[in-house]
Structures are given as C-alpha cells and as structure tokens.
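The values are calculated or read from the model by the stated rules, or taken from the named source; none is laboratory data. Everything quoted here is computed from the prediction, not taken from an experiment. Because the Cβ atoms are built from the backbone with ideal geometry, glycine has one as well, and the counts that use them run over all protein chains shown.
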Amino acid sequence: MKTTFFTSPSKGTGLRGIELDRCYTGGFDEEGRRHGFGVYKFPNHMTYEGHYVAGLKQGAGKLTFPDGGWYEGEFQNNEIHGRGVRKFSGGNTYAGDFEMGEMYGQGIMKFSSGDCYEGSFVRNVMEGHGTMRFQNGNVYKGQFRANKINGQGTMKYKSGDE
C-alpha cells in the first residue's frame, strides 16, 4: 500500500509514503523532497525526528535506534555531525563532538559501570589526552590509545597517593 497526502500538490505538509513499514510526516519543498521539520520511520524501526533541507537530515534532530539507544544533536548532509549526545543500549552515554557519524573530537563518556572519561576521541575510540574518573574514586590524567591508558600520565588514588 502506498499513500501520499499533501496540503498542496507541490509543497506543504502531510503524510507521504506508507510503504513496507516506512512513513514520513512533515514538510516538503517544491520538488517533493522532505523539508523543514518532519518525522521519518525507517523499515528497520529506527525513527528520525528533526529538520530536513532538500531531502537530507540537516540541523537539529533525534535518531532513535531499534535497540533502545538514541542520538540527539546536529546533523549535516544526512550524517550525524557536530555536537550531540548518544545513549547506547548498554547504558553508556557520550556527549560531545561527532564527525561523519563517529565520536571524533572532545567529549565525555559516562559508562554504565560508573566510570567517566573526558577527553579526546578518534573514530569512536578514546585516543590522545584525557581524564578517567573511576567509580572507585581513582583518577587518571594522561594519554590514551585504543581505549586504554597508554603513555605518560598520572594516577591519583582515592587514598590521595599518586
């Protein structure tokens, strides 16, 4: 079944394309592309709520994943790009910079274990300088590589020892 509804034949708001569990509700431009605020439900049960420009996700939006995780923040040319927050289904939460869908730049990762990392990310990995505050009260400041403490840094233990 395919349904198309517009408030005008070429642009406006409405419902378009109920087909195989796919649905978009929102604005359209003169060429029939998604434009302005809209909600799109993907066949894989992801949902995007946010702004479109010329058919592409652009500006502020929220993407909800089938596993219960979500991303809320900036989009550019249909990609997660800019500042945002990503909640993972396992309970971890990242707030910071994204580049082409990946955690890239400065950010804060709060782990479900209670640990918290603040620092540099490269392609979804803790990489470069950062601070890890462990749930047990210990704090490490220094270098990370491939999500692990690596290189120069200092560990301050809950007891006050370094």
Give region 47-87 a look and list any residue that's in contact with a His (Cβ under 8 Å, 6 or more places away or on another chain) and either aliphatic (A, V, I, L, M) or over 24 Å from residue 29 (Cα atoms) (or both), or say none.
53, 54, 60, 66
For region 77-88, check the following and say yes or no: at least one residue is modelled with pLDDT of 95 or more, closer than 20 Å to residue 39 by Cβ and part of a loop (DSSP other than H, G, I, E, B).
yes
Among (1) part of a strand (DSSP E or B); (2) within 25 Å of residue 83 (Cβ to Cβ) - the single one residue 112 does not satisfy
(1)
Selection from region 1-53 of residues at pLDDT 90 or above, acidic (Asp, Glu) and exposed (fewer than 15 other Cβ atoms within 10 Å of the Cβ) yields 30, 31
Residue count, region 109-129 (criterion: of a type in the set (Gly, Ala, Ser) and farther than 23 Å from residue 71 by Cα):
1
Being surrounded by fewer than 20 Cβ atoms within 10 Å (Cβ to Cβ), among the charged types (D, E, K, R) and assigned to a loop (DSSP other than H, G, I, E, B): is that true of residue 97 here?
no
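So if I check each of 86, 145, which one is surrounded by fewer than 17 Cβ atoms within 10 Å (Cβ to Cβ) and in contact (Cβ under 8 Å) with a residue 12 or more places away in the chain?
On the way: 86 fails: surrounded by fewer than 17 Cβ atoms within 10 Å (Cβ to Cβ).
When all the criteria are applied, what remains is 145.
Which ranges mark the strands (runs of 3 or more DSSP E) fully within region 27-74 that have 3 or more residues being of a type in the set (A, V, I, L, M) and without any contact (Cβ under 8 Å) to a residue 60 or more places away in the chain?
Details: elements: 34-41, 47-53, 56-64.
Those strands (runs of 3 or more DSSP E) span 56-64.
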